[in-house]
Amino acid sequence: MIEAQGLTKIFKDKKRGEIRAVDGVNFKAQPGQIYGLLGANGAGKTTTLRMLATILQPTSGTAKVAGFDVVDDPEKVRSNVGFLSTATALYGRLTSKEFVEYFGRLHGMDEAALAKRIGEIFDRLDMNEFRDRRCDKLSTGMKQKVSIARTLVHDPPVMIFDEPTIGLDVMTARVIVQFIRECRAQGKTVIFSTHVMSEVEKLCDTVGIIHNGKVLAEGTLPQLRERYGEQDMEEIFVKVVGE
Amino acid sequence: MAARNVGIVFRKELLDTLKDRRTIVSSIVIPLLMFPLIILVVIFIATTVIPKAVSESPTVMLKGEEGAPALAKQLREDKDFRVVPFSADYVTQINEKKLRAVLEFPAGFEANLQSKPEETQILKIYHYEGEIRSQAVLRQLESSVKFFGENIVTQRLAAAGLAPSEVKVFGLERLNVASAEKVTGNIIGFILPYFIIILCLTGAMYPAMDLTAGEKERGTMETILASPVRRSELVLGKFFLILCVSVTTTALSVISLAITVLIGGAQLAKVGKGIVVAVSAQSAAVVFLMVVPLAATFSAALLAISLIARNYREAQSYLGPLMFLVIIPGMASMMPGVELNSKLALVPILNVSLVAKEIFAGQYHWNLIGLIFLSTCVYAAVALFAAVRQFNREEVLFRT
């Protein structure tokens, strides 16, 4: 469960003054459902998701993730979140296994449970071939799998994805999309950001259209289609943002 | 929980660092090889190049030798140099290093020695100042001429009915009362503190950059910040790794230096030129104890500063000038007349340099040692606090 209320982030830039990257955002994401945050570059998607993952602190407003407040209990939030973004790079000199182990340990797993969990994950994601290969020697698709393994190692109830398929080829992107569906099937709360319309149509139960830091429209796909009188997600988006 | 996480971060950074070839080379290979190589090169030059330069039969000319036949004959028989026929372009030849020196006799030199003993005649030696071979010949000529002069003196004394011993009124004898440790300790204490301080700093530099600006550059900063580890735990884990590398680099360098000097000393002793290098284990231990908090200060400060940088290049541009801030007070051990007192004991870096010098020379001012240790620990704590604060500032962590 993710709840954001009046979530705001203001950056102070020397030249441009105050920038309201996220401006009073409200939304709810339910377990067993996928919430899509749709917006153009610079709309505030990444900043919103970073606040939910407690990487950034909100300037004002609150958010509750898995029942914990992002400002008051950031560590508990992080223990219950799996965060994946294009910027979440790997430690190149560590092997896939060492990399996932590191994060497993930080999540407080003991060695025995960790070894078992890694065995499970590596089997399920078909990663055993490059288990002991250094991360900087992996292909993009393999690296994505390692990142996914990292987000799964502690089996969090909430998954946050920031533009997870950007720059990936079709086959690798399908793996990600499939994985996101599996998370939903397991009853996790999933939120992901994108500006790719087809992904929204394929995956989302609820969509929030974000622009200039504000959520301008929110609802299920059928609801949005009815409200704006358009079938195509792109047309809906343009209508909303154009207002 | 906190200590466990610090340990996990430390172990991962250690694993990562050990896999990094650059760190292995700069923190292990170079410290182990640096001093032995430098010393070997110096010994090689001292034992082969210089003697060779000195042993080639250097050429000398005599100007106006008609007035000094006996001295000229003695000089010709001298095996240290070779007398060649005089030519007027001797100044050019000396400048071009074809000729090493020229000895000029005043007119009627030996005649005047007999007939006008009260007159002080001047023999002139033309040479190339600072040039090794010319200087060597200069000394040999002076020594040869001096020998000739002493014979004249003995003759004159005999003529006046005096024995040479009556002219030598008294002798002087030098007796060193400082122990071997103090003597060599003084020499060691001159330069070693400076080296140790510089090694601490340079040993910490690369890991500090790699663990901060390097993380930013590689994009792993966001990854680790999304994990449950607290910012302070992350900083401490990195700090301990940097400190570890710094201390290891310094220790390896000093140990390899010690081994080289011991082996070198033993080899020289076989050849006959023994040097007794005595550094007590106690002085080494106390100096090590003084250096650890200094290494901690460097590690924390470098961590805080390089975190500001976006990438390696920028980090290097910040840390480069920092070296000068450390080199200058570090050189305190080499400055004559700078003595440690309670005021200077509070000046960072300078105090460690001076106290290490004293400790190597066997001087233990325990109150100053305690004061310096405590003040350095305070500086380390301040630097670490600054580093933790830096890690909590979003504008520093996400500076793009």
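What follows draws every value from the coordinates through simple rules; no lab data is involved. Predicted model, so just to flag it, every value in this text is computed and none were measured. In this analysis, Cβ positions are derived from the backbone assuming ideal geometry, glycine residues included, and neighbour counts consider all displayed protein chains.
I'd like the orientation of helix B:132-159 relative to chain B: the angle between its Cα long axis and the longest Cα principal axis, in ° from 0 to 90, rounded to 10. That helix lies at roughly 40 degrees to the long axis. Under the convention that each Lys and Arg Cβ holds +1 and each Asp and Glu Cβ holds -1, the size of the dipole of the protein assembly as shown around its Cα centre is about 440 debye.
Given axes a ≥ b ≥ c from the Cα gyration tensor, I'd like to know whether region B:35-158 is rounded (a/c under 1.5), prolate (a/b larger than b/c) or oblate.
Cα axes put region B:35-158 in the prolate bin.
For chain B, the longest principal axis of the alpha carbon atoms and the long axis of helix B:312-330 meet at an angle near 50°.
With +1 assigned to the C-beta of every Lys and Arg and -1 to the C-beta of every Asp and Glu, and no other charges, what is the dipole magnitude of region B:285-400 about the Cα centre in debye, to the nearest 20?
Rounded to the nearest 20 debye, it is 200 debye.
Mean partner shielding of peptide A:90-96, defined as the number of other chain Cβ atoms within 10 Å of each residue Cβ, is 5. Amide H contacts of A:ILE55: none lie under 5 Å away among residues 5 or more positions distant or on a separate chain (H built 1.01 Å from N in the peptide plane; Pro and chain starts excluded). Spatially close Lys pairs in region B:54-167, defined by Cα atoms under 23 Å apart and a spacing of eight or more places or different chains, total 20.
For the residues of B:16-22, the average number of beta carbons from a partner chain within 10 Å of their own beta carbon is 3.
So for each of A:228-234, A:95-101 I average, over its residues, the number of other beta carbons within 10 Å; can you give me the resulting order with the highest mean first?
The most tightly packed comes first, giving A:95-101, A:228-234.
Counting only aspartates and glutamates at least 8 places from A:LYS45 when in the same chain, those with an alpha carbon closer than 12 Å to its own are A:ASP23, A:ASP162, A:GLU163. Taking chain B as a Gaussian network of alpha-carbon nodes connected by springs under 10 Å, the highest mean-square fluctuation of the residues B:ALA332, B:ALA295, B:ALA70 belongs to B:ALA70.
Model label points for B:TYR318 and B:PHE147, set 7 angstrom from Cα along the Cα-to-Cβ axis, are 6.8 nm apart.
Counting Cβ atoms of other protein chains within 10 Å of each Cβ in A:71-79 and taking the mean gives 2.
Compared with the dominant Cα axis of chain B, that is its longest principal axis, helix B:350-360 is turned about 60°. Mean residue ellipticity at 222 nm, helices only, chain B: -21500 deg cm²/dmol; runs of at least 4 DSSP H residues each add -39,500 (n - 2.57), and the sum is divided by the number of residues. For chain A, the relative contact order is 28 percent, taking Cα pairs closer than 8 Å that sit 6 or more residues apart in sequence and dividing their mean separation by the residue count. Sequence-ordered 3J(HN,Hα) estimates for region B:249-260 from the Karplus curve with 6.51, -1.76 and 1.60 and θ = phi - 60° stand at 4, 5, 4, 4, 5, 5, 5, 5, 5, 4, 5, 4 Hz, glycine and proline given as x. Across B:ILE122, B:ILE359, B:ILE305, mean-square fluctuation computed from a Gaussian network of chain B (C-alpha pairs under 10 Å connected) peaks at B:ILE122.
If the elastic network links every pair of Cα atoms under 10 Å, which of B:LEU294, B:LEU99, B:LEU257 fluctuates the most in the Gaussian network model of chain B? Checking each option, the largest mean-square fluctuation is seen for B:LEU99.
How high is the relative contact order of region A:89-155? Use alpha-carbon pairs under 8 Å, at least six apart in sequence, and give a whole percent.
51 percent
Placing +1 on each Lys and Arg Cβ and -1 on each Asp and Glu Cβ, with no other charges, gives region B:51-196 a dipole about its Cα centre of roughly 320 debye. Positive-end ranking of B:GLY320, B:TRP366, B:VAL382 along the dipole of region B:270-400, with charges on Cβ about the Cα centre, is headed by B:GLY320.
Here is the list for region B:291-379: trypsin sites (Lys or Arg not before Pro) lying in DSSP coil, each with at most 13 other C-beta atoms within 10 angstrom of its C-beta, are B:ARG310, B:LYS343. In straight-distance terms, cross-link reach from B:LYS168 covers every one of the aspartates and glutamates whose alpha-carbon lies under 13 Å from its own, apart from those fewer than eight places away in the same chain; here that gives B:GLU150. Peptides B:159-172, A:185-198, B:38-51, ordered by how many other C-beta atoms sit within 10 Å of their residues on average, highest first, read A:185-198, B:38-51, B:159-172.
Would you calculate the volume per residue, in Å³, of the smallest convex hull containing every Cα atom of chain B?
Looking at chain B, the number lands at 212 Å³ per residue.
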